[in-house]
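Structure first, then comments.
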Amino acid sequence: MKTKLLTLLTAIVTLLCSVGLPALALEEAAVTPMPTTPPNAQGKPYLLDDYDIAPVVLSEWKGTPTLINFFTTWCPWCVKEMPDFLELQRAYGDNLRVVLVHIPSGEDEATARAFIEEEGLMELAFVEDNGFFAYMYSVSGFPYTVVMDAEGYLSSSHPGKMEPEVMRQAVEAAGAVLPEATQAE
């Protein structure tokens, strides 16, 4: 009974985040710095792991506007926007960093890894096992996206599925620019 109730509650929150809150999508967020690798219980910096289990220190992302998307593989809206994130990264190249953070939520690692490989997202995907990163950005449902400027400050947050045009507006508001070759087309 508890499992069914939890599943229903998760579905309702996800639906509300993706359908009921798009008007807030371009709302400017409060100035909040990117976490700069706070120490964990062992006194070591907080890291995300990529799927090759190579740890990444969050402060390494400073210097380039960064879009961070939190997703799960069971979320239909998350799955639908993945190709758009990949296209966004290709369009902006080195002028933008797109980071896809998989939050294990009821799926095993093999399922998640298969999805990420099948979608061609390995270069963008990271996994978070302890929930700290999601907690830092108040992730309350999936998908959830935050956009950071080059200095590591929160530019905007976006609950629910983002349309490609909203993605472009958000990353450009954070300082990302299309390379000249792309702009000329």
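We did not get these values from a lab; they are worked out from the coordinates using the rules stated. Note that the structure is a prediction, hence the values are computed from the model and not measured. Cβ coordinates were reconstructed from backbone atoms using ideal geometry, including for glycine residues, and neighbour counts include every protein chain displayed.
From the residues in the stretch 133-159 that are of a type in the set (Gly, Ala, Ser) and closer than 15 Å to Leu67 by Cβ, which one is surrounded by the most Cβ atoms within 10 Å (Cβ to Cβ)? So that I can check it myself, show each step before the final result.
Just the residues of the stretch 133-159 that are of a type in the set (Gly, Ala, Ser), to begin with: 134, 138, 140-141, 150, 152, 155-157.
Within this subset, residues satisfying the condition of being closer than 15 Å to Leu67 by Cβ are 150, 152, 155-157.
Values: Ala150: 18, Gly152: 19, Ser155: 24, Ser156: 22, Ser157: 21.
Filtering first and then ranking leaves Ser155.
Would you mention how many residues in the stretch 77-89 are free of Cβ contacts under 8 Å to residues at least 60 places away in the same chain and touching a Ser or Thr at 6+ places or on another chain (Cβ under 9 Å)?
Of the residues in the stretch 77-89, the ones free of Cβ contacts under 8 Å to residues at least 60 places away in the same chain are 79, 82-83, 86, 89.
Those still in the list that are touching a Ser or Thr at 6+ places or on another chain (Cβ under 9 Å) too: 79.
Number satisfying all stated conditions: 1.
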